[in-house]
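The values are calculated or read from the model by the stated rules, or taken from the named source; none is laboratory data. Because the structure is a prediction, the values reported are computed rather than measured. Reconstructed Cβ throughout: ideal geometry from the backbone, glycine too, with neighbour counts over all protein chains shown. With ligands, DNA and RNA removed, areas are computed over all heavy atoms of the protein, side chains included. Shrake-Rupley method; radii C 1.70, N 1.55, O 1.52, S 1.80 Å.
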Amino acid sequence: MPEANSKPVSKPKSAPQKALEKLGLLRDIDLALHLPLRYEDETRITPIAQAHEGQAVQCEGLVSESHVDLRGRRQLLVKLEDASGELLLRFIHFYPAQQKSMAVGQRLRVRGELRHGFFGREMVHPTFKAVDENTPLPSALSPVYPTSASLPQAYLRRAVTSALQRAALEELLPAGVVPPQLPPLREALMFLHHPPPQARLGTLEDQSHPAWQRLKFDELLAQQLSQLQSQRERARLQAPALNASRGGIHEQLLAVLPFALTNAQRRVCEEIAGDLARPQPMHRLLQGDVGSGKTVVAALAATVAIDAGWQCALMAPTEILAEQHFKKLLSWLEPLGLQVAWLTGSVKGKARQKMLDAAASGEAQLVIGTHAVIEEKVRFARLGLAIIDEQHRFGVAQRLALRQKLASMELEPHLLMMSATPIPRTLAMTYFADLDVSTIDELPPGRTAIVTKVFADGKRLNVIEKIQAEVARGAQVYWVCPLIEESSAEEGAPPPLDLSNVIETHAELTEALAGFGVGLLHGRMAAAEKAAVMAQFSAGSLSVLVATTVIEVGVDVPNASLMVIEHAERFGLSQLHQLRGRVGRGSAASVCVLLYSGPLSATGKARLKAMAETNDGFEIARLDLEIRGPGEFMGARQSGAELLRFADLQQDGLLLQAARRLAPQLLDRHPDAARRHVVRWLGSKAEFLKA
Ligand code: ADP
Ligand code: MG
């Protein structure tokens, strides 16, 4: 026997083996945890005469006739008889060997949906098996597993069954941890893969059966343990203690701001300053609705770090947004004598080298940019604080890269994440358990609520008339068109599906609004071009900006008071809310018009209705979670909602609470059991949960 972890002699892998790997079914435990979608009942035989039309049944009998019919469509016709009646089996596709195995006189067990055809009772393409009188019936329901095209169900069934025998399924959790009504894991899995014929299928399908509950509980417990573990690990890490010094840049910035902070802004600033002053890395999410004023909080946090003699990095998900931050922070901080560097994918050549040098030497006290800031080549002399704006637009992997990169120093930097998409409570308790949250729950004074109106696309001309009136009195207008592929428009993104929509609308509005500037902005334009258009709109020399969702996050032009979103039915709820948040930033009353092309789906209708009824980002996020599930909140295209496979945060609240309560006890008293439980359940995914 070779060592368990020695390299096996490399044999070419079969297609099903590769397919198994692709589904992530590598370890025995992975296969054991690959659960059926549904079951087929092959445990009983229904007499032919008693089978009902449309019912999936299993019958058994002797072949009394078998021939290939050549009239019309070529097909194999097999007549099967039992004591109660007869049944025609029809095969349009068949191999000669199959025909042979259904010769006259052979006993067959067949399974399929019964129909009444031209010749009476029939089954088209039933599954069949040659048997004799003594062939036993299976004693359990047959599992049907989720699979892929290159992985036959029968192969997968065999793989799961044998893995189930081999897998180490012994109870890892000490007595008293698992709620008493739940079965041991091995029992639960055996039951779910091969339930006895009398099992109540309803409770299996809706996953309320105790066997299912056991899996969900174990999964939630693993997830809570892993979060707790990383929380404790973080508490052991060292970070620079950053204290704002008297009379420093921080105080000077407060003095020159053109507005007074809201109470909510003041409170979150204090929470952040409290974290920064501690020698453990901050891991804090700042959430606040669109327009609540997170940017200034970020700037104030940056100055605390800078006053203490450390560098700060600020990252935004798009160039437009990064550039806007850069301009705003530069206008505040440059007069105070700070060095601010600018780093994105489109900063190239000498300019780029200069920025890299400034970051590496520590000369740049603040570095603002896009993902480029976390690239491998970027080095910081003394990075004390990293701020990520619109954190949900960054992937889990990118957040991890940031922490790992910065961990290359002796000390970890503090981390502040900002988001306008608040995390609902259930998610905060699970995925984000290792995160402190500050909330700005108040908008700056003087804002008037945005009025949202929903119109069918037939009202388009009326909307354009409204725009004419608005721009005539000096207001500015956004018109947003969907572009499916563009939501994360950055370097390396796939080309957009179709630009014609935004280009045609731009032409249409240019014609309708003769004498006014109408700009065009989309993700395929060069960065410099985009920046120029954005600058013109900010300066007011363009009255209308026709754009794709590149303006979705963070863009701040307070004079804009009308937002039109075309094909609003194509956007997600949080995205609509983000887009709407581009208006209502100044003192003018603002309007958001949602144009849709019917007919609307039920969820489409629900989304638009929610938009018309509420401006509250928390309420929107709650509804969005209901409609879409947790993926969006994880920033998770890479990590996937896969992190929880069995448990459902909406439905399994009680199990979640139990897992949350038990995790600290288990980790304290039985650290080894806790670790083995996490490895069993999360394997390599455990790393991801730390991001
Ligand atoms: P978001 O939270 O969506 O990132 P911003 O930081 O872009 O919001 O702020 C929205 C607008 O409100 C900006 O123009 C900003 O200068 C302004 N603002 C922020 N805080 C205040 C305040 N306390 N009083 C008045 N205006 C403010
Ligand atoms: Mg913002």
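Summary table below
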read-out	value
Å² of accessible area per residue within the chain, as computed with a 1.4 Å probe and no ligands counted	46
Check: the chain dipole with +1 on Lys, Arg Cβ and -1 on Asp, Glu Cβ, in debye	980
Gyration tensor verdict on the chain (Cα atoms; rounded if a/c is under 1.5, prolate if a/b is larger than b/c, oblate otherwise)	prolate
Candidate residues Leu182, Leu385: accessible-area rank, largest first, probe 1.4 Å	Leu182, Leu385
Thr452 long-range amide H proximity, modeled H, under 5 Å	Cys592
Positive-end residue, the chain charge dipole about Cα centroid, Cβ charges, pick of Gly458, Phe119, Ala673	Ala673
Antiparallel DSSP beta bridges within the range 44-137, as percent of all bridges there, nearest 5	90
The range 44-137 shape via C-alpha gyration tensor axes, a/c threshold 1.5	oblate
Per-residue ³J(HN,Hα) for the range 184-194, Karplus 6.51 cos²θ - 1.76 cosθ + 1.60, θ = phi - 60°, Hz, x for Gly and Pro	x, 4, 4, 4, 4, 5, 4, 5, 6, 7, 9
Modelled FRET efficiency - R0 30 Å, Arg460 with Ser346, Cβ distances, 0.05 increments	0.25
Cut-off of 10 Å, at most 14 other beta carbons, DSSP loop: longest stretch of the chain lacking such chymotrypsin sites (Phe, Trp or Tyr not before Pro)	260-691
The chain: calculated mean residue ellipticity at 222 nm from DSSP helix runs of at least 4, using -39500 (n - 2.57)	-11500 deg cm²/dmol
Counting DSSP beta bridges with both ends in the chain, the antiparallel % (nearest 5)	35
Segments 227-240, 70-83 sorted - mean Cβ within 10 Å per residue, highest first	227-240, 70-83
Shape of the range 121-171, Cα gyration tensor, a/c cut at 1.5	oblate
Theoretical FRET efficiency, 1/(1+(r/R0)^6), r = Cβ-Cβ of Arg186 and Arg645, R0 25 Å, to 0.05	0.85
Tilt relative to the chain, helix 500-512 - C-alpha long axis, 0 to 90 degrees, to 10	40
Cα-based reach from Lys216 at 27 Å (exclusive), listing lysines while leaving out same-chain residues under 8 positions away	Lys22, Lys685, Lys690
Accessible heavy-atom area order of Arg107, Arg570, highest first, probe of 1.4 Å	Arg570, Arg107
Set of lysines with alpha-carbon distance to Lys459 below 25 Å, sequence-local pairs under 8 removed	Lys605, Lys609
Carbon and sulfur %, accessible surface of the range 249-440 computed with the full protein complex present, 1.4 Å	53
Set of lysines near Lys294 by C-alpha distance (under 18 Å), chain-local residues within fewer than 8 positions excluded	Lys327, Lys328
Residues in the range 215-242 that a label on Leu435 would reach, taking backbone N under 18 Å of a point 7 Å out along Cα→Cβ	223-235
Gain upon complete extension [Asp69, Glu626; 0.36 nm per residue less C-alpha separation]	195.1 nm
Förster radius 30 Å - calculated FRET efficiency between Val144 and Ser208, Cβ distance, rounded to 0.05	0.95
Dipole magnitude of the range 310-361 about its Cα centre (Cβ charges: Lys, Arg +1; Asp, Glu -1), debye to nearest 20	140
With Cα atoms, 0 to 90° folded angle of helix 153-166 axis to the chain main axis	80
Added length on full extension, which subtracts the Cα-Cα distance from 0.36 nm per residue, Val679 to Gln98	204.6 nm
Alpha-carbon centroid distance for the pair the range 172-236 / the range 72-87, whole angstrom	47
Long pairs among Lys350/Lys377; Lys79/Lys100; Lys350/Lys530, criterion Cα-Cα beyond 20 Å	Lys350/Lys530
